[in-house]
Amino acid sequence: MNVPTPMIYAHIGDLHITSAKEQNYIDLLSIIAQIETECSNKLDFVYLPGDNADNGLPEQYQLIATALKMLSIPVHIITGDHDMEQGSLANFYHTLPAQQLPKALNIKGINCLFLDVCGPGSGGPDFRLGKPQAEWLTSHLENAKSNDQKTVVFTHTYPADLKDSNEARLLNNVLYANDVLLVDMGHTHYNDLANNGKTIFAATRSTGQIEEGPVGYSLVSVDNGSVGWRFKPLHDAFPFVMITSPADHRLQPDSLPQQNEFIEVHAVVFGRRTVKQVKCRADKQEWTIMTLCEDKITWAAQITHTDASALTVMATDESGRPGIHTIELRGASNHQPKRICNGSDADSIGVWPENGIFGTQLGPNSNGKPS
């Protein structure tokens, strides 16, 4: 079977690295080692969303740069307010393997735009785009839309967190007007997903300043317009399954057409051991065996829809260990929420504990306002 290969990446939340003896640096080394050994052959890149060095110091960045040498896949790094703590981004650019921001990349046909909302400001939570970057972003978004290209934007904060209300409004409007599929962020320190009906806003738990739950990272996919997001606790076992299409109903756009008679199911199985079998089913129907596609990454099958409420994929590796992922499908019973669309977490999907989202966030962002 031949299907388009999804774009897949790992998001390691705000590092806040200080010294080599701290637990967050030990966790970072463990996460990177796990990604390299268990996931890298399925990933396009690793993403660091800012607040990399807690004080923006050269020795802190050097620790990060050393850890990243374990990876054989690209790493894309953006800035956070802590990276500006020394008054500039000189240490960030001099020590890390980071390219000048903003930058645009085409990855698996996806228009990926990486922003810097910290350098144009004066440090701290003075988040700003600046006129040149705003014009650059608008141009890239409009060009992608005119070419029917999906866009993912990588930035440190929700648009509503920008210091200048006019900039915040501009950023939110240009993302919405140009049908941006996903905005992936840091800053909140929590696993957080919001859906304004067009765009998914995603944040991943901080690695360096955890305020809830276990340490880990998120795995994110874009599969022909479907956004997949799954939190991987560091100490959870492999194989680790991720359904890339269809999307869970909480991550679907409002404009998604009704499902026809069949569902095309795509999944990716992470883990270094050989996968022996992958199967899927809707609700409690009979299992359907999935086929490994030509890309050697995606497993696919077609199953009957029948107004199912859940979709499950189970993979078994050569050790006999199973991995399972279940999502909820959109059906007549799913109530479409009222959308706020103000560029904050006001459109949060709410609690999703089986995906590491506990709804216990205290700050720093609550509906776009500092706590």
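The values are calculated or read from the model by the stated rules, or taken from the named source; none is laboratory data. Please read all numbers here as calculations on a predicted model, not as lab measurements. Ideal geometry is used to build each Cβ from the backbone, glycine not excepted, and the neighbour counts take in all protein chains shown.
The figures follow:
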| item | result |
| --- | --- |
| Residue that is touching a helix residue (DSSP H, G or I) at 6+ places or on another chain (Cβ under 8 Å) and at negative phi, where the choices are F262, F270 | F270 |
| Count of residues meeting criterion [within 17 Å of T244 (Cβ to Cβ), of a type outside the set (G, A, S) and part of a strand (DSSP E or B)] in region 282-303 | 7 |
| Among (1) under 28 Å from P6 (Cβ atoms); (2) out of contact with any Ser or Thr (no Cβ under 7 Å at 6 or more places or on another chain); (3) in contact (Cβ under 8 Å) with a residue 12 or more places away in the chain - the single one N147 does not satisfy | (3) |
| Every residue from region 308-362 that is under 15 Å from F231 (Cα atoms), in contact with a Phe, Trp or Tyr (Cβ under 9 Å, 6 or more places away or on another chain) and charged (D, E, K, R) | none |
| Of all residues in region 195-213 being crowded, with 21+ Cβ neighbours inside 10 Å and of a type outside the set (S, T, Y), the one that is nearest to R250 (Cα to Cα) | N195 |
| Any hit, region 266-275, residues being over 30 Å from I35 (Cβ atoms) and at pLDDT 95 or above | no |
| Residue match in region 225-237 (condition: crowded, with 20+ Cβ neighbours inside 10 Å, over 13 Å from the mean Cα position of the chain (by Cα) and either touching a residue at least 12 places away in the same chain (Cβ under 8 Å) or assigned to a strand (DSSP E or B) (or both)) | no |
| Condition check for V220: assigned to a strand (DSSP E or B), under 13 Å from the mean Cα position of the chain (by Cα) and surrounded by 24 or more Cβ atoms within 10 Å (Cβ to Cβ) | yes |
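A quick yes/no check of all residues on (1) out of contact with any helix residue (DSSP H, G or I) (no Cβ under 8 Å at 6 or more places or on another chain); (2) modelled with pLDDT of 95 or more:
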{"site": "H189", "(1), (2)": "yes, no"}
{"site": "Q209", "(1), (2)": "no, no"}
{"site": "R230", "(1), (2)": "no, yes"}
{"site": "P246", "(1), (2)": "yes, yes"}
{"site": "S255", "(1), (2)": "yes, no"}
